[in-house]
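**Q** Below you will find the structure I want to go over with you.
The values are calculated or read from the model by the stated rules, or taken from the named source; none is laboratory data. Everything quoted here is computed from the prediction, not taken from an experiment. No Cβ is skipped: glycine too gets one built from the backbone with ideal geometry, and neighbour counts run over all protein chains shown. Just so you know, the surface numbers come from the protein's heavy atoms only, side chains and all, with ligands and any DNA or RNA stripped out. Shrake-Rupley method; radii C 1.70, N 1.55, O 1.52, S 1.80 Å.
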Amino acid sequence: MIGIVIVSHSARLAEGVCELAAQMAQGRVRLAPAGGTADPANPLGTDAMKVLAAIKEVYSEDGVVVFTDLGSAVLSAETALELLDERKRQRVHLCSAPVVEGAVAAAAQAAAGASLAEVLRDAQGRESPPAAAPPAFAEERLATLPNPLGLHARPAAQFIRLARRFRARVTLANLSTGSAETDAASIHGVLGLGARQGHQLRLRAEGPDAREALDALAAFVESGCGEGEATAEAPVLAAPGAGAEGQWSGIPASEGIAFGPLAHFHPPELTVTARTIDDPESEGRRLDAAIRSAQQETRALYEWARSHVGAPRAGIFDAQALLLEDPALAETAARLVRERGLNAEFAWQTASGEAAARLAALEDPYLRTRAADVTDAAGRVLRNLAGGETAAPALGEPAILAARDLTPSHVRDLDPARVLGLCLETGSASAHSVILARAMGIPAVAGLGPGLAAIPEGALVALDGARGAVWVAPSAEQARELTVRREEWLGARAAAQAGRRTPAATRDGRRIRVFANINSVAGAVEAVEYGAEGVGVLRTEFLFLGRSSAPGEEEQFAAYLAIASALGGRPLVIRTLDAGGDKSLPYIETGPEANPFLGWRGIRVTLDRRDLLRTQLRAILRAGRQHPVEVLLPMLSTLAELRVAKALVAEVEAELGCAGTKVGVMIETPAAAAIADQLAREASFLSIGSNDLIQYVMAADRTNARVAPLADPYQPAVLRLIRQTIAAGRAAGAAVALCGELAADTLATPLLLGLGLEEFSVSAPLVPEVKRAIRCWSLPEAEAIARQALDLDSSDAVRRLLAGLRPDPPA
């Protein structure tokens, strides 16, 4: 068994590196710290005798690797070697690789059964990988990064998706830190650059689209990666820990005040052991399947986040999806399976652990926190391989949850009604888990330190998320002060939510329906809580993603019935499966497509796979026997598609002995908008999907920096098609809803009212704000605004018009 010694001027640093490496070693590597001195008055330094003792502690004939931090640590290590006998000295090697990255890499390789020479080569390779012959890049650009948080996970994900659109190989280097070139298709490599505000990046590209790629990518970087100063999260602060009178100081993470008993949460850890497998090819396929399944799970999390906390914060899971798509990460794990015959679980844990360690070793504290995203995303693959599950905290009564840290996946499963607040030992205000908690309205304090674990279970605790303060057994005076402040905080929240259960109407009394977009039973409960008058779109993909076969009729029926029941008689519009595009399913073979968004997706898929559509329609119509349920068909382009789908609905109605099912159509393509009058005469209602409609009308992808200004909902062409669709619906007596992000933009509320829209469908948490915006306008005012907007010649002009409006406060 190979031994590893960590020599550092700081005893705590040496112990911390050993702890990190031990996670990779899984008990198959001997580790020993040799940090600090024996002098309490001067603890910082190194001691040759400590180093010698550590070497002897871990020594075996397999060899020992010694990592050192600063210059005098090398001297102490060399002195310790001289004190060893000659035979043992030959088996001990000093390694000049960076302490953290080198030690983690060495531990992972040693645990995988590598020889001493292989361990040394791999550890050194983390410091200076063998240089390949540089390609003859045809193009090169320099760009300076202006955004406050640098190239962190979400903009890195957008950068990579943009780079992948071009027929070019793109590399990236951080000239400000002297980093090596990294592949722009690898999110691990891009994040590993540690690119911060003001850093100069060099972009190189070769291939047919090299120049276009660099133009777009350089523009994206220099624009601030789509972020402004307002996007900077709260700063990462130092946490002094426990203070006087039971007060603990941490990092302000999510505002709000909470009282309650403390409940400790210890997420279960998967135990992964290395073993030799007989069939590497089969094991490789098992690894690939687990990664694909994890990618689908992550996409489902993205859809949940987009629905519940908005698209910007949903980017957390978009970045995680790219982490799982990173070819370098998958190849590292596959190579361990293929070349060393290791089981997929251990190979994946080794590869992803190294990736997380590299991020954890970065200088920038914000970028270091992204290591948790690697761990969270990689954990889904491990659970798929080992059969584990993500355990949500099980709270019998409302409590303040205490944990060492939480992943975004854990936070997604929290119930805000039971989790009164969060106390975290580690983390920061910019950790993705904390960002989600903030969006969910859960008060939180991070960075409280390991002493948090010593607070007894059930102890009465108070926390102030805005101040970053926690009180254990608060005094009567503290409790009174905090109670007053909590009442003020709750009062402010209540004021913001006032009127959410009251139906929306314009100032002159025109009733406007405000529905919610959801994708789960919990989403239905949330929609009711936020005052939604029904569900405008139930995205059913959540039932189909992350599995190897389609859900059966009974499973779907149970889900739809539960959601309809939770709505308490409110209308439920269920959109049939919208597969294709960016939602691939392993049991629907789409084949390669040059442009999936212009290919086989939406109703085109389900009309070809009648078995899937018939099963889904049976489940929907059965749920509709007891509740007001309607069917919505996605991505139609022709009247023929509607007629075929309606005929199939009629067949299912005949089988089930029911009738009168309302069938609506999504207006997402220019073709559908152009024939909206024909569709409205044969459909029960129309629902404008503004996100896709904008993309198709303007032939512009919003994630493409070069054409992003075109993909604007306020483009005159888009507004005129929306007006045309609403007018067609009104003429035919068919209701028209708008369910894209434009509906949730309160800047657009008077414009949409003026165009004649009478139903808005938005993310549930946004329902109260949209209702408030509707109450600010009379219909004649809104119609006048719409007339002005339709006469303007650019989206910028429309935005200026709307931004200059000063609505009256709601009555």
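**Q** Those residues that are touching a helix residue (DSSP H, G or I) at 6+ places or on another chain (Cβ under 7 Å) and either within 17 Å of Leu142 (Cβ to Cβ) or open to solvent by less than 10 Å² (accessible area, probe 1.4 Å) (or both), I need them from region 169-185; list them, please. Before you say what the answer is, go through the steps one by one.
**A** Step one: filter region 169-185 for residues touching a helix residue (DSSP H, G or I) at 6+ places or on another chain (Cβ under 7 Å), giving 170, 172, 182-185.
Across region 169-185, the qualifying residues are Val170, Leu172, Thr182, Ala184.
**Q** Of everything in region 622-638, what is surrounded by fewer than 17 Cβ atoms within 10 Å (Cβ to Cβ) and under 17 Å from Arg604 (Cβ atoms)? Give them in sequence order. Reasoning before the result, please.
**A** Kept after step one, since they are surrounded by fewer than 17 Cβ atoms within 10 Å (Cβ to Cβ), are these residues of region 622-638: 625-626, 628, 638.
Scanning region 622-638 gives a single hit, Thr638.
**Q** Shifting gears a bit: Can you tell me which condition Leu262 does not meet? The list is (1) assigned to a helix (DSSP H, G or I); (2) of a type outside the set (Val, Ile, Thr); (3) open to solvent by less than 70 Å² (accessible area, probe 1.4 Å); (4) at pLDDT 85 or above, and all the others hold.
**A** Here Leu262 clears every test but (1).
**Q** Does Ile291 satisfy the condition of being part of a helix (DSSP H, G or I) and modelled with pLDDT under 70? Full working, then the answer.
**A** Numbers: part of a helix (DSSP H, G or I): yes; modelled with pLDDT under 70: no.
When the stated conditions are applied, Ile291 does not pass them.
**Q** Listed residues Leu84, Leu75; which is at pLDDT below 80, open to solvent by less than 40 Å² (accessible area, probe 1.4 Å) and over 30 Å from Arg338 (Cα atoms)?
**A** Step by step, each of Leu84, Leu75 is checked, and only Leu84 is at pLDDT below 80, open to solvent by less than 40 Å² (accessible area, probe 1.4 Å) and over 30 Å from Arg338 (Cα atoms).
**Q** Here is a follow-up. Determine which member of the set Leu367, Leu342, Leu401, Leu385 is open to solvent by less than 40 Å² (accessible area, probe 1.4 Å) and modelled with pLDDT under 85.
**A** Details: Leu342 fails: modelled with pLDDT under 85; Leu401 fails: modelled with pLDDT under 85; Leu385 fails: modelled with pLDDT under 85.
Selected residue: Leu367, the only one of Leu367, Leu342, Leu401, Leu385 that is open to solvent by less than 40 Å² (accessible area, probe 1.4 Å) and modelled with pLDDT under 85.
**Q** Using beta carbons and a limit of 7 Å, which pairs, at least six apart or on different chains, have the first residue in region 22-49 and under 22 Å from Ala274 (Cα atoms) and the second one outside any loop (DSSP other than H, G, I, E, B) and modelled with pLDDT under 75?
**A** From residues that are under 22 Å from Ala274 (Cα atoms), the pairs are Leu31/Ala25.
**Q** For Gly569, are the conditions met, namely being surrounded by 15 or more Cβ atoms within 10 Å (Cβ to Cβ), of a type outside the set (Phe, Trp, Tyr), on the phi > 0 side of the Ramachandran plot and in contact (Cβ under 8 Å) with a residue 12 or more places away in the chain?
**A** Answer is no for this residue.
**Q** Val221 passes all but one of (1) at pLDDT 80 or above; (2) open to solvent by 30 Å² or more (accessible area, probe 1.4 Å); which number fails?
**A** Here Val221 meets the rest and fails (2).
**Q** Checking Pro235 against (1) outside any helix (DSSP H, G or I); (2) open to solvent by 80 Å² or more (accessible area, probe 1.4 Å); (3) modelled with pLDDT of 75 or more, which test does it fail?
**A** (3)
**Q** Return yes when Ser549 is modelled with pLDDT under 95, over 23 Å from Phe760 (Cβ atoms) and surrounded by fewer than 15 Cβ atoms within 10 Å (Cβ to Cβ) and no when it is not.
**A** Working: modelled with pLDDT under 95: yes; over 23 Å from Phe760 (Cβ atoms): yes; surrounded by fewer than 15 Cβ atoms within 10 Å (Cβ to Cβ): yes.
Spelling it out, Ser549 is indeed modelled with pLDDT under 95, over 23 Å from Phe760 (Cβ atoms) and surrounded by fewer than 15 Cβ atoms within 10 Å (Cβ to Cβ).
**Q** Which ranges mark the strands (runs of 3 or more DSSP E) fully within region 651-739 that have 1 or more residues being open to solvent by 30 Å² or more (accessible area, probe 1.4 Å), out of contact with any strand residue (DSSP E or B) (no Cβ under 8 Å at 6 or more places or on another chain) and modelled with pLDDT of 95 or more? Show your work before the answer.
**A** Values: elements: 663-667, 685-688, 735-738.
Where strands (runs of 3 or more DSSP E) fall fully within region 651-739, none carries at least 1 residues being open to solvent by 30 Å² or more (accessible area, probe 1.4 Å), out of contact with any strand residue (DSSP E or B) (no Cβ under 8 Å at 6 or more places or on another chain) and modelled with pLDDT of 95 or more.
**Q** Hey, which of the helices (runs of 4 or more DSSP H) in region 749-791, taking only ones fully inside, have at least 2 residues that are farther than 29 Å from Leu567 by Cα and open to solvent by 10 Å² or more (accessible area, probe 1.4 Å)? Don't jump to the end; show me each part of the working.
**A** On the way: elements: 749-754, 767-774, 779-791.
By residue number, 779-791.
**Q** With respect to Ala744, determine if the residue is open to solvent by 10 Å² or more (accessible area, probe 1.4 Å), modelled with pLDDT under 95 and touching a strand residue (DSSP E or B) at 6+ places or on another chain (Cβ under 8 Å). Let's see the steps before the verdict.
**A** Details: open to solvent by 10 Å² or more (accessible area, probe 1.4 Å): yes; modelled with pLDDT under 95: yes; touching a strand residue (DSSP E or B) at 6+ places or on another chain (Cβ under 8 Å): yes.
The answer is yes for Ala744.
**Q** Right, here's the next one. What do you reckon, is Trp489 open to solvent by less than 60 Å² (accessible area, probe 1.4 Å) and at pLDDT 85 or above?
**A** So Trp489 does not fit the description; no.
**Q** Condition first: part of a loop (DSSP other than H, G, I, E, B), open to solvent by 40 Å² or more (accessible area, probe 1.4 Å) and modelled with pLDDT of 70 or more. Now tell me which residues in region 23-36 satisfy that.
**A** Quick first cut of region 23-36, residues part of a loop (DSSP other than H, G, I, E, B) only: 26-29, 36.
Subset that is open to solvent by 40 Å² or more (accessible area, probe 1.4 Å): 26-28.
Answer for region 23-36, where residues must be part of a loop (DSSP other than H, G, I, E, B), open to solvent by 40 Å² or more (accessible area, probe 1.4 Å) and modelled with pLDDT of 70 or more: Gly27, Arg28.
**Q** Still on this model: Which condition number does Ala522 fail, the rest of (1) part of a helix (DSSP H, G or I); (2) open to solvent by less than 60 Å² (accessible area, probe 1.4 Å) being met?
**A** (2)
**Q** For region 186-206: of the residues being crowded, with 17+ Cβ neighbours inside 10 Å and assigned to a loop (DSSP other than H, G, I, E, B), which is modelled with the highest pLDDT?
**A** Taking the candidates together, the pick is His199.
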